[in-house]
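Undergrad: Please read through the structure below; I'll follow up with questions.
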Amino acid sequence: MSIKVYDMNVYYGSNHALRSVTMDIPETAVTAFIGASGCGKSTFLRCFNRMNNEIEGCVVEGQLSVSGHDVYHRSVPVEGLRKRIGMVFQKANPFPKSIYDNVAYGPRLHGMVKDKRELDMLVKQCLKDVGLWDEVKDRLHKKGTELSGGQQQRLCIARTIAVKPKIILMDEPCSALDPIATAKIEDLILKLGKKFTIIIVTHSMSQAQRVSDKTAFFHLGELVEYGDTKQIFNTPAENQTRNYISGTFG
């Protein structure tokens with residue numbers, strides 16, 4: 001599911017937060033957005049599933065198409081869009097429900113399964129896919145909020161993939177986790193990147209290097225440079241990129 005962005009601008013009132021961003025994002029790969037706080041990377045991420053629409057006074061201009069379909073066209077329902085484009089947030093946000101019901105919620109809502117047996121199989125597979133099944137299989141009816149932070153984040157990812165999205169957005173998914181939990185999430189991103197189109201915002205340049213195929217560097221709302229991750233970190237074309245990666249600024 002290829003993504004094409006053309007001349008994307010975002011305004012928060014008089015603040016021009018994202019400036020004329022144009023880029024193509026490959027499918028079944030991991031693309032990382034890096035840059036200092038306030039550079040526009042999270043603002044851009046929220047364009048893909050129209051989350052900026054929820055912010056009062058926010059205006060989005062430009063074109064963003066997924067497989068040739070404009071996601072901002074009036075005929076595209078937000079509910080259907082967010083089923084195809086899932087999102088994992090900075091802080092794990094499991095529903096105040098059981099582990100089982102967290103994963104089952106989306107498939108039930110969208111009528112994706114025909115019976116309890118099929119739902120059980122889907123829940124089990126999703127928990128296996130995020131490496132959580134063996135840790136929780138004996139307590140599926142305990143609340144998801146009782147899990148550790150890293151387990152909660154993996155549960156949220158299981159909940160996201162349960163509705164079979166084509167694209168997964170991740171906004172700093174490891175920033176609240178310890179190194180061991182972070183390593184598990186990074187391994188999961190590498191694994192899921194073979195099946196899903198993943199876009200991740202991260203403050204960690206080392207994380208971007210470890211998990212992504214493509215990297216985009218943002219500065220003050222502008223896309224400075226975008227390319228293969230190895231090229232961006234080893235031979236950046238722009239001085240701003242080189243300075244940021246070397247720690248000269250940002």
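Undergrad: State whether the stretch 1-139 is rounded, prolate or oblate according to the following rule on the C-alpha gyration tensor (a ≥ b ≥ c being the square roots of its eigenvalues): a/c under 1.5 gives rounded; otherwise a/b larger than b/c gives prolate, and the remaining case gives oblate.
TA: Cα axes put the stretch 1-139 in the prolate bin.
Undergrad: Please give the helix 149-161 orientation as an angle from the longest Cα principal axis of the chain, in degrees from 0 to 90, rounded to the nearest 10.
TA: Once rounded, the angle reads 90 degrees.
Undergrad: Right, another one. Given Cα pairs under 8 Å that are at least 6 residues apart, what percent is the relative contact order of the stretch 39-185?
TA: Normalised by residue count, the contact order of the stretch 39-185 is 32 percent.
Undergrad: What is the ratio of the Cα radius of gyration of the stretch 8-87 to 2.2 N^0.38 Å, where N is its residue count, to two decimals?
TA: 1.09
Undergrad: Report the full-extension gain for the segment ILE55 to ARG139: residue separation times 0.36 nm, less the Cα-Cα distance, to one decimal in nm.
TA: Once the chain is fully extended between ILE55 and ARG139, it gains 26.5 nm.
Undergrad: Per residue, how much accessible area does the chain have with a 1.4 Å probe, in Å²?
TA: I get 48 Å² per residue for the chain.
Undergrad: For the chain, modelled as a Gaussian network with Cα springs under 10 Å, which listed residue fluctuates most, GLY221, GLY144, GLY38?
TA: With Cα springs under 10 Å in the chain, the top fluctuation among GLY221, GLY144, GLY38 is at GLY38.
Undergrad: So if each residue of separation counts as 0.36 nm, and I subtract the Cα-Cα distance between PHE95 and ASP7, what length gain in nm does that give?
TA: Extra length from PHE95 to ASP7 when fully extended: 28.0 nm.
Undergrad: Any chance you could give the angle, 0 to 90 degrees and rounded to 10, that helix 179-192 forms with the longest Cα principal axis of the chain?
TA: Once rounded, one gets 90 degrees.
Undergrad: Could you sort HIS69, HIS16 by their accessible area in this structure, using a 1.4 Å probe and putting the largest first?
TA: From most exposed to least exposed: HIS69, HIS16.
Undergrad: What nm distance separates the two modelled labels at GLU27 and LEU109, each placed 7 Å from Cα along Cα→Cβ?
TA: Here the modelled spin labels are 2.5 nm apart.
Undergrad: Gain in length, LYS124 to ASN15, computed as 0.36 nm per residue apart minus the alpha-carbon separation, to one decimal in nm?
TA: Result for the pair: 34.7 nm of gain on full extension.
Undergrad: Now, a different point. Suppose R0 equals 25 Å; then what is the FRET efficiency for ALA36 and VAL78 from their Cβ-Cβ distance, rounded to the nearest 0.05?
TA: 0.25
Undergrad: Carbon and sulfur atoms: what percent of the 1.4 Å accessible area of the stretch 94-177 do they account for?
TA: Summing carbon and sulfur atoms, their accessible area is 49 percent of the total for the stretch 94-177.
The values are calculated or read from the model by the stated rules, or taken from the named source; none is laboratory data. Treat the numbers as computed from the prediction; the structure is a model and nothing was measured. Here the Cβ is made from the backbone with ideal geometry for all residues, glycine too, and neighbour counts use every protein chain on show. Quick note on the areas: whole protein, heavy atoms, side chains included, nothing else; ligands and nucleic acids left out. Shrake-Rupley method; radii C 1.70, N 1.55, O 1.52, S 1.80 Å.
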